[in-house]
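The values are calculated or read from the model by the stated rules, or taken from the named source; none is laboratory data. Here the structure is a predicted model, which is why all the values come from computation and not from measurement. Backbone-built Cβ (ideal geometry, glycine too); neighbour counts: all protein chains shown.
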């Protein structure tokens, strides 16, 4: 029996890679395009920080004409830690991106299987994980949107729920530490979805035993994430983030219910007002929805008999249904009631990620619950159908060779002149936003572009402009005296008056808030290491946390 299942699992895994990953083949030297064309620039700049010893990365030094852009201070980094590692191993950026997407699909399959296996049979769990990873939302995230953060969120979300279950059942220090690390990765993988996942994880813990230990894991995960979360929370007001987010009117991006069911045409455009102007799909897949919906109906019909897991299954159902509802025009009244917060989410259809999770879960529930002959054979047939029917959406026409892709989107010209304008919300407020936008794609003469330090020395009394977008992590010294500039040009460059032979340096130095975040993260790492190495700490913690 185990040999049969192991063979089936291997066959399904390789089938999944073949059907869903054929256009993500890391050995194919071609690349497709997608919405988020700043991904290569982010990876290149993230890597430049690491190779320069700037850890954690907070700035893209070459972005915005080499004036420096605080992108990584505010953009969730988990997906970039993963993808940049591939790049630093010598893999070209476009191939590293494709490989990262492929890893995320495979990782999602394993993570969802492990989670579903807590409740259902192996066959049902294998089908549910196949339904999850073959959801057309995965294809949309990769081949339409190209969103590394969201695709890795899809992988980390079920893994986080699984590890919470495992920790609640086994009082193991290794699992405790893994829980903290995995939750921390989840909370730093995507700005919006990570915030939502924090709420979901907090609710989920209430339905599990050993809540004290799980709550401690949650707190430590937030502490481990402090290097990113604290600066992102307390320094975002220094940028145009909220202003730019509010310019994207969420009311223009609601869905009609039928859009979740079907896409009249599979296009690679964008989201627009109304239901007929969208030129990108939002469907999760008809078979996925149909079997998942039947599973929900079966669960409701058996509600009184599901005493053991009734509360947990109900929570999963409500999270999925509420999330799907929040994508539709009918939910506008809820968005309007909390618009100051929800406006930062920008696109209601982001909540579709939890719809994919919902239908996969209850598809597994359906196969586990119903009594039919030849269930294993039927399950394998269903898996094959899901993979085959979804595979045509997991592709996109090739547009570039690796060299063409790098020249277009990872070149010095793109990074310095265009990249920052596609993530404009992180422009420091010292610059005039409208003027800065007006110089997009223009060639500006910057005396000292790029880098983490700029040095100026004049042989006369003069006024100089320091070539940086000023942000508090720049430390400016005139000779050995630190000064805080109060005069800037329209690009947010400090204007400094200096005397004969004064030496001016502008050096990247983390702010006190950023140092505090780093210190909390480092302290958490040391605490976790002490638990691992020094056994008495865990022995003392265990009885308290039961």
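A few points about this structure:
- Residue in region 220-227 that is more than 19 Å from the chain's Cα centre (by Cα) and within 26 Å of residue 104 (Cα to Cα) present: yes
- Residue within region 355-366 that is surrounded by 24 or more Cβ atoms within 10 Å (Cβ to Cβ), over 27 Å from the mean Cα position of the chain (by Cα), assigned to a helix (DSSP H, G or I) and at pLDDT 95 or above present: yes
- Residue match in region 491-508 (condition: surrounded by 14 or more Cβ atoms within 10 Å (Cβ to Cβ) and under 29 Å from the mean Cα position of the chain (by Cα)): yes
- Per-region count, region 110-124, residues part of a helix (DSSP H, G or I) and either out of contact with any helix residue (DSSP H, G or I) (no Cβ under 7 Å at 6 or more places or on another chain) or surrounded by fewer than 24 Cβ atoms within 10 Å (Cβ to Cβ) (or both): 6
- For region 519-528, the criterion of a residue being under 27 Å from residue 412 (Cα atoms), surrounded by 18 or more Cβ atoms within 10 Å (Cβ to Cβ) and out of contact with any strand residue (DSSP E or B) (no Cβ under 8 Å at 6 or more places or on another chain) is satisfied by no position.
- Some residue of region 388-396 being in a helix (DSSP H, G or I) and surrounded by fewer than 18 Cβ atoms within 10 Å (Cβ to Cβ): yes
- Residue 475 meets the conditions (1) over 31 Å from the mean Cα position of the chain (by Cα); (2) part of a strand (DSSP E or B); (3) surrounded by fewer than 18 Cβ atoms within 10 Å (Cβ to Cβ) in every case but one. The failed one is (1).
- Apart from one condition, residue 485 fits all of (1) over 26 Å from residue 48 (Cα atoms); (2) in contact (Cβ under 8 Å) with a residue 24 or more places away in the chain; (3) out of contact with any helix residue (DSSP H, G or I) (no Cβ under 6 Å at 6 or more places or on another chain); the exception is (2).
- Of the residues making up region 412-435, those that are touching a helix residue (DSSP H, G or I) at 6+ places or on another chain (Cβ under 8 Å) and either surrounded by 20 or more Cβ atoms within 10 Å (Cβ to Cβ) or in a helix (DSSP H, G or I) (or both) number 14.
- For region 315-337, the condition holds for at least one residue, the condition being that it is within 19 Å of residue 158 (Cβ to Cβ), at pLDDT 90 or above, surrounded by 13 or more Cβ atoms within 10 Å (Cβ to Cβ) and out of contact with any helix residue (DSSP H, G or I) (no Cβ under 8 Å at 6 or more places or on another chain).
- Taken over region 255-297, the residue count meeting the criterion of being assigned to a loop (DSSP other than H, G, I, E, B), touching a residue at least 60 places away in the same chain (Cβ under 8 Å) and in contact with a helix residue (DSSP H, G or I) (Cβ under 7 Å, 6 or more places away or on another chain) is 9.
- For region 27-42, taking the residues that are in a loop (DSSP other than H, G, I, E, B) and touching a strand residue (DSSP E or B) at 6+ places or on another chain (Cβ under 9 Å), the one that is nearest to residue 85 (Cα to Cα) is identified as 29.
- Listing of helices (runs of 4 or more DSSP H) fully contained in region 139-232 that carry 3 or more residues being over 21 Å from residue 119 (Cβ atoms) and free of Cβ contacts under 8 Å to residues at least 40 places away in the same chain: 191-205, 211-224
- Test: residue in region 43-61 that is in contact with a helix residue (DSSP H, G or I) (Cβ under 9 Å, 6 or more places away or on another chain), assigned to a loop (DSSP other than H, G, I, E, B), surrounded by fewer than 19 Cβ atoms within 10 Å (Cβ to Cβ) and in contact (Cβ under 8 Å) with a residue 40 or more places away in the chain: yes
Here is a yes/no grid of residues against (1) more than 24 Å from residue 523 (Cα to Cα); (2) within 16 Å of the chain's Cα centre (by Cα); (3) crowded, with 20+ Cβ neighbours inside 10 Å:
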site: 179; (1), (2), (3): no, no, yes
site: 207; (1), (2), (3): yes, no, no
site: 213; (1), (2), (3): no, no, yes
site: 216; (1), (2), (3): no, no, no
site: 229; (1), (2), (3): no, yes, yes
site: 233; (1), (2), (3): no, no, no
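- Test: residue in region 74-94 that is in contact with a strand residue (DSSP E or B) (Cβ under 9 Å, 6 or more places away or on another chain) and within 21 Å of residue 268 (Cβ to Cβ): yes
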